[in-house]
Each structure stands twice: as structure tokens, then as C-alpha cells.
Amino acid sequence: MTIQTAVLIETLTALGAEVRWCSCNIFSTQDHAAAAIARDSASVFAWKGETLEEYWWCTEKALDWGPGGGPDLIVDDGGDATLLIHEGVKAEEEYERSGKLPDPDSTDNAEFKIVLRTIKEGLFVDPKRYRKMKERLVGVSEETTTGVKRLYQMQANGTLLFPAINVNDSVTKSKVQVQDPFVLHLVLSVS
């Protein structure tokens, strides 16, 4: 979180949004900005220098609105919140169908092992959590090339679970980032 991201969160909060925020990567959080927002405006799950385990814990916590809850909208940067929900839904459906849990040892990718472990642990708490989240979601916006490519792949495969907006190619993004190349991974709920 940068100071600019903090201003966005304060603006959304002033407009009536309930915001839960996590970082889009383990290095980008400015701790002083995150602390100010956590104190004044929103639930913040981030700090500079997180481990990958901590990063995915924070992402999961930002999506956790309690029983039956979840965000209405996701402003994603890199697509990790979107990925977690999609993989969570897939794992829940497989678990319900076959009783098979996600297997972190099924991949050589160290980070994806953490994602699968996070989902597996969550299945014991609520085996329908991500599907409830999916049903509640109005949509997601994505601002990175990587995240947008994932969304287009899911759309082409027929696996995209909710509407998505490609902010990466918008004129507005290019105008804003010329002045401020901030990063954002924000989960919010508007009542």
C-alpha cells in the first residue's frame, strides 16, 4: 500500500464502502500508510517483507467476511484474489463430488503449494466458502497484463466465474500511472 492507495481506500470508505485490503506482492506495502488506514478506515492485512505463506494468509483474510460473506467487488492487481476464489471453487466442487482434498504435493510450484494448502485448510472450516463468495461477487477489475491474460484464458475456457473488467488496457489507467505507478490489491464490499 502506498499513500496514494490509502487515499483511494479513504475515498471509497467515505462513499460507504466497507474495505478489506491486502498487498498485491510481498514487497510493495508502505507500513506507515497501511498502519494509518488500519487505524482509521479499513481492515488491512499486509506488511512489507511478508513471506509467501504470510502473503497468501493475508489474501485469504482480506476475502474473509465471516459466515456466508465475501466481497461484492474485487479490485485486483496481479489476479491473486481472483485466482484464490477460482481455485477454491474448483477444490470445493471436487471435494463435494469425490471427497478428494487439494494436494499441495501435486505441484512443483512452491507458491501454488501454499495456495492449495490454504484452500485445503479452509475446506475443513467451510466446504462451500468460495462458492458462496462467487455467488455474492458482482465482479472484479484487473489492472495487470498477467492478471488480464488469466481472465481471458478463463473466459475462453468457459471457467470465468464472475464478470471482469480489464483495467489494464483502459485509457484512464495509462493517464493515472504516468503520474503515480501505485499498486493495488483491494477487496471491498459496498452495502
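Rule-based calculations on the coordinates, nothing more; no lab input. Computed from a predicted structure; not experimentally measured. All Cβ positions, even for glycine, are placed from backbone atoms using ideal geometry, and neighbour counts span all protein chains on display.
For this structure, a couple of remarks:
- Net charge dipole size for the chain [Lys, Arg +1 and Asp, Glu -1 on Cβ; Debye, nearest 20]: 340
- Kirkwood estimate for the stretch 129-174, i.e. one over the average of 1/r between Cα atoms, Å: 11.3
- Of all DSSP beta bridges in the chain, antiparallel share, percent nearest 5: 45
- Length-normalised contact order for the stretch 3-190 - Cα pairs under 8 Å, 6+ apart - percent: 30
- Cα gyration tensor category, rounded, prolate or oblate, for the stretch 12-77 with a/c compared to 1.5: oblate
- Folded to 0 to 90 degrees: helix 145-157 orientation relative to the chain principal axis, Cα: 40
- Per-residue Cβ neighbour rank within 10 angstrom, fewest leading, T5, T107: T107, T5
- Proxy reagent accessibility, fewest Cβ within 10 Å first, across R39, R150: R39, R150
- GNM flexibility winner over the chain from A14, A34, A46 (Cα, springs under 10 Å): A14
- Cα gyration tensor category, rounded, prolate or oblate, for the stretch 67-165 with a/c compared to 1.5: oblate
- The chain: Cys lacking any partner C-beta under 4.7 angstrom: C24
- Most fluctuating residue given options L84, L123, L151, as computed from a GNM of the chain linking Cα atoms under 10 Å: L123
- Rg/Rg_globular for the chain, with Rg_globular taken as 2.2 N^0.38 Å and Rg from C-alpha atoms: 1.00
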